[in-house]
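Notes follow once the structure below has been shown.
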Amino acid sequence: MAAKQKQDAGITHDGVFFAQETLQEMHDQMLFIRRFEEKAGQMYGLKKIGGFCHLCNGQEAVCVGLNHAAMASDYIMTSYRDHGHILARGADATAVMAELLGRAGGVVKGKGGSMHMFDADKNFAGGNGIVGEQVPIGLGFGFSNWYKDDGGVTICIMGDGGINQGAVYESFNMAALWKLPIVFMVENNQYAMGTSLDRASAETQLFKRGISFKIPGMKIDGMDVLEFKKKVAEAIEHARSGQGPILVEAMTYRYRGHSMSDPATYRTREEVDEWRTGRDPIARLESQMIDAGLASEESFKQKDREIKKEVAAIAKAAEAQPEPDASELWSDIYSDPIAGAYPYPGKVG
Amino acid sequence: MSKITYREALNQAMAEEMARDKNVFLMGEEVAEYNGAYKVSQGLLDKFGPKRVIDTPITELGFAGLGVGAAMTGLRPIIEFMTWNFAMLALDQIVNAAAKMKYMSGGQYSVPMVFRGAGGSAARVGAQHSQSLENWLANVPGLKVVMPSNPADAKGLLKASIRDNDTVIFIENEINYGDVGEVPDGEYLIPLGKADVKRAGTDVTIVAHSRMTGFALEAARELAKEGIEAEVVDPRTIRPLDEQTILASVAKTNRAVVVEEGWRFAGIGAEISARIMEGGFDDLDAPVIRVTGKDVPMPYAANLEALALPSVREIVEAARTACGRA
Ligand SMILES: Cc1ncc(C[n+]2csc(CCOP(=O)(O)OP(=O)(O)O)c2C)c(N)n1
Ligand SMILES: [Mg+2]
């Protein structure tokens with residue numbers, strides 16, 4: 001009897017059962033991303049990470065919920081706010097940190113940095129720094145799923161600012177016209193840099209943006225990992241079943257500024273606190289699990305200590321790596337060396 | 001004269017021109033309430049109000065086209081691209097519309113406007129955010145391309161660009177925004193198409209624009225220690241190019257090094273060295289040498305980034321080679 005109870009331990013959310021191990025895994029992954037981003041912020045402060053660095057604190061449930069719903073063979077691509085997504089996809093965290101530090105063992109050999117994380121083995125296609133750019137690219141991945149008839153789905157993520165780019169609508173139309181298996185997903189964190197949604201969008205209900213293309217829309221709470229996982233799985237199933245694209249609006253919030261250089265004075269403390277303390281996805285899952293008798297405050301504290309240690313060790317290991325070899329400057333430009341593309345005869349320096 | 005930053009000089013230029021001409025307006029991402037991603041438009045919303053300082057959604061192609069249409073009807077738009085990398089989305093409106101509207105309409109329509117924003121490499125921002133694309137734009141008949149290298153030029157050139165009756169591509173440099181210099185107060189205009197000799201010298205001409213002008217001046221100081229007096233010429237306007245000033249300098253020094261941050265292939269240096277060959281061949285005692293950014297997408301890693309960019313050392317070495325002192 002006791003054994004059976006243990007097997008059945010879990011939480012049923014809106015008709016979907018989440019086993020205890022799954023819940024713990026989701027929790028640990030979200031907490032790992034949170035601590036990883038905090039470490040990245042710290043390393044940026046120490047000038048060990050340079051350039052632009054966009055953290056996803058607050059948006060962890062979207063990253064983790066999505067990856068619990070998608071298959072490993074599905075394609076995912078996003079913007080420059082990519083650390084959480086590539087980690088949730090299962091990329092090697094040391095390689096992600098090494099990339100932030102511009103080290104040889106980075107996910108893209110130190111060539112891309114924070115904004116350009118890729119992991120082709122995990123079907124994670126960036127890491128795209130130009131706002132909206134990944135949307136037509138995602139269309140192409142979805143086209144490929146359809147062309148090869150491989151049963152795969154493409155999940156193409158953009159921001160609430162990115163959804164205003166014209167190419168998004170060209171993509172919506174083609175995706176719907178050809179019934180491509182694509183989940184377009186807007187991470188609506190309410191701001192595009194310093195511009196709040198209502199200052200940039202005539203229609204602020206972003207899930208409706210596909211209506212004139214006959215793309216159905218879903219608005220999902222992106223601060224509740226169970227709800228998000230459940231609903232996004234339905235969206236993915238819709239695309240996989242041959243019914244064409246679907247648009248998901250993930251309601252979420254970024255706790256930090258747009259990038260490390262943004263003091264975020266365009267929003268109030270109260271607003272940030274409301275999300276941070278009132279709707280935090282990690283705290284929420286923790287209390288759900290405690291209420292269900294699946295974990296204790298102490299077990300979470302212990303877990304947090306372990307994760308913090310793990311992240312510190314990762315940062316240390318990544319930092320110990322060498323910078324990329326100077327020859328890497330000239331590699332990966334073309335598939336074959338092309339005359340004229342490499343150091344010029346008689347070049348200076 | 002006041003000591004102000006490059007950023008403040010640009011701000012002053014816009015504020016003065018907006019006060020002078022009610023048809024001038026500023027539009028772009030984060031230009032109003034955020035006071036500009038790089039704070040170039042600081043205070044302009046407060047001064048001129050939301051009808052003339054306008055935040056846009058992230059829709060470069062759309063608002064670039066808005067600028068073209070508004071300019072065709074007599075307004076004087078300043079369209080800010082947060083950086084020129086993002087203007088790639090708007091190239092259709094810039095190249096296919098703004099640049100050719102006057103010609104296509106047989107002179108009936110002009111497009112008197114400024115597209116402006118930060119160009120060139122910033123620090124550690126990788127391949128998509130570190131590009132010098134002035135050669136693409138300068139290649140297009142109908143566009144003027146302006147690139148100030150210091151605060152005073154930034155002010156004088158931007159004011160002249162706003163008043164210009166054609167489309168001006170005004171490329172600022174992110175790393176230069178904080179540079180401080182003496183800038184004339186009030187009315188100060190620098191005509192487009194006039195180069196400036198930033199340092200006089202007799203032994204070698206170094207032509208360099210935008211941030212590379214500073215590199216060239218630093219190289220000149222190094223070279224002076226070895227007894228090589230370099231003349232540094234900043235074209236300031238890439239198109240129309242002030243060939244006369246460059247050729248006059250080469251006629252004096254008989255040697256030339258052309259520096260640019262952008263890629264070597266079909267770059268600005270290729271154009272300038274061809275002009276020197278065409279117009280100053282007999283003056284040359286040595287081949288023109290180009291110092292450029294390496295022909296690679298900008299890498300993120302600090303060591304690789306440093307290798308990708310032109311350096312003062314490379315300019316010094318090129319000048320020595322040109323002078324037969326390598
Ligand atoms: C085409 C283009 N324009 C402008 C930028 C500068 N920029 C970078 S992120 C950003 C805001 C994007 O906001 P959103 O799409 O909501 O994504 P979030 O940062 O909130 O994840 C802007 C304007 C850019 N990278 N690319
Ligand atoms: Mg956003």
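The values are calculated or read from the model by the stated rules, or taken from the named source; none is laboratory data. All of these numbers come straight from a predicted model, not from anything done at the bench. We place every Cβ from the backbone using ideal geometry, glycine too, and count neighbours over all the protein chains shown.
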**OP:** Return only the number of the condition from (1) β-branched (Val, Ile, Thr); (2) touching a strand residue (DSSP E or B) at 6+ places or on another chain (Cβ under 7 Å); (3) over 12 Å from residue B:1 (Cα atoms) that residue B:190 does not satisfy.
**Re:** (2)
Subject >> Lone unmet requirement of (1) within 25 Å of residue A:272 (Cβ to Cβ); (2) among the aromatic types (Phe, Trp, Tyr); (3) within 16 Å of ligand 1 (Cβ to nearest atom); (4) away from every other protein chain (no Cβ under 14 Å) for residue A:228 >> reply: (3)
Subject >> Inter-residue pairs, beta-carbon under 8 Å, first more than 7 Å from chain B (Cβ to nearest Cβ) and free of Cβ contacts under 8 Å to residues at least 12 places away in the same chain and in the range A:193-205, second assigned to a helix (DSSP H, G or I) and crowded, with 20+ Cβ neighbours inside 10 Å, 6+ apart >> reply: A:203/A:209
Original post:
When you look at residue A:199, is it at pLDDT 95 or above, surrounded by fewer than 24 Cβ atoms within 10 Å (Cβ to Cβ), within 15 Å of ligand 1 (Cβ to nearest atom) and under 13 Å from residue A:247 (Cβ atoms), yes or no?
Top reply: no
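Based on what the data block shows, is residue B:127 more than 15 Å from ligand 1 (Cβ to nearest atom) and within 11 Å of chain A (Cβ to nearest Cβ)?
On the way: more than 15 Å from ligand 1 (Cβ to nearest atom): no; within 11 Å of chain A (Cβ to nearest Cβ): yes.
No; evaluated as a whole, the condition is false for this residue.
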Subject >> Residue check, residue A:130 of a type in the set (A, V, I, L, M) and within 16 Å of ligand 2 (Cβ to nearest atom) >> reply: yes
Original post:
Of all residues in the range A:196-215 being touching a strand residue (DSSP E or B) at 6+ places or on another chain (Cβ under 8 Å) and under 30 Å from residue A:29 (Cα atoms), which is nearest to ligand 2 (Cβ to nearest atom)?
Top reply: A:197
Original post:
Here are some conditions: (1) in a strand (DSSP E or B); (2) within 16 Å of ligand 1 (Cβ to nearest atom). Residue A:130 meets all but one. Which one does it not meet?
Top reply: (1)
Original post:
From the residues in the range B:83-98 that are within 15 Å of the chain's Cα centre (by Cα) and within 9 Å of ligand 1 (Cβ to nearest atom), which one is nearest to the other protein chains (Cβ to nearest Cβ)?
Top reply: B:85
Original post:
Listed residues A:77, A:26; which is more than 14 Å from every other protein chain (Cβ to nearest Cβ), at pLDDT 95 or above, in contact with a strand residue (DSSP E or B) (Cβ under 9 Å, 6 or more places away or on another chain) and within 16 Å of ligand 1 (Cβ to nearest atom)?
Top reply: A:77
Subject >> Conditions (1) within 11 Å of ligand 2 (Cβ to nearest atom); (2) away from every other protein chain (no Cβ under 11 Å); (3) of a type outside the set (A, V, I, L, M, F, W, C); number of the one not met by residue A:161 >> reply: (2)
Original post:
All but one of (1) within 14 Å of another protein chain (Cβ to nearest Cβ); (2) within 16 Å of ligand 2 (Cβ to nearest atom) hold for residue A:184; which doesn't?
Top reply: (1)
**OP:** Go over the candidates A:71, A:30 one by one and state the one that is surrounded by 24 or more Cβ atoms within 10 Å (Cβ to Cβ) and under 24 Å from residue A:232 (Cα atoms).
**Re:** A:30
**OP:** Taking the residues in the range A:136-176 that are within 15 Å of ligand 1 (Cβ to nearest atom) and touching a residue at least 60 places away in the same chain (Cβ under 8 Å) as candidates, determine which candidate is nearest to residue A:251 (Cα to Cα).
**Re:** A:159
**OP:** Sort through A:249, A:274, A:270, A:298 and tell me the only one that's closer than 22 Å to residue A:190 by Cα, at pLDDT 95 or above and surrounded by fewer than 12 Cβ atoms within 10 Å (Cβ to Cβ).
**Re:** A:270
Subject >> Qualifying positions in the range A:142-158 - more than 15 Å from ligand 2 (Cβ to nearest atom) and surrounded by 24 or more Cβ atoms within 10 Å (Cβ to Cβ) >> reply: A:142, A:153, A:154, A:155, A:156
Original post:
In the range B:124-147, which residues are in contact with a helix residue (DSSP H, G or I) (Cβ under 7 Å, 6 or more places away or on another chain), among the aliphatic types (A, V, I, L, M) and in a loop (DSSP other than H, G, I, E, B)?
Top reply: B:140, B:147
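Results for (1) away from chain A (no Cβ under 12 Å); (2) farther than 23 Å from residue B:132 by Cα; (3) free of Cβ contacts under 8 Å to residues at least 24 places away in the same chain, shown as yes or no for each residue.
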site	(1), (2), (3)
B:12	yes, yes, no
B:27	yes, no, no
B:33	no, yes, yes
B:66	yes, yes, no
B:110	yes, yes, no
Subject >> Hey, residue B:267 within 20 Å of the chain's Cα centre (by Cα) and either free of Cβ contacts under 8 Å to residues at least 60 places away in the same chain or buried (at least 17 other Cβ atoms within 10 Å of the Cβ) (or both) or not >> reply: yes
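Take residue A:113 and tell me if it is more than 21 Å from residue A:189 (Cα to Cα) and crowded, with 21+ Cβ neighbours inside 10 Å.
yes
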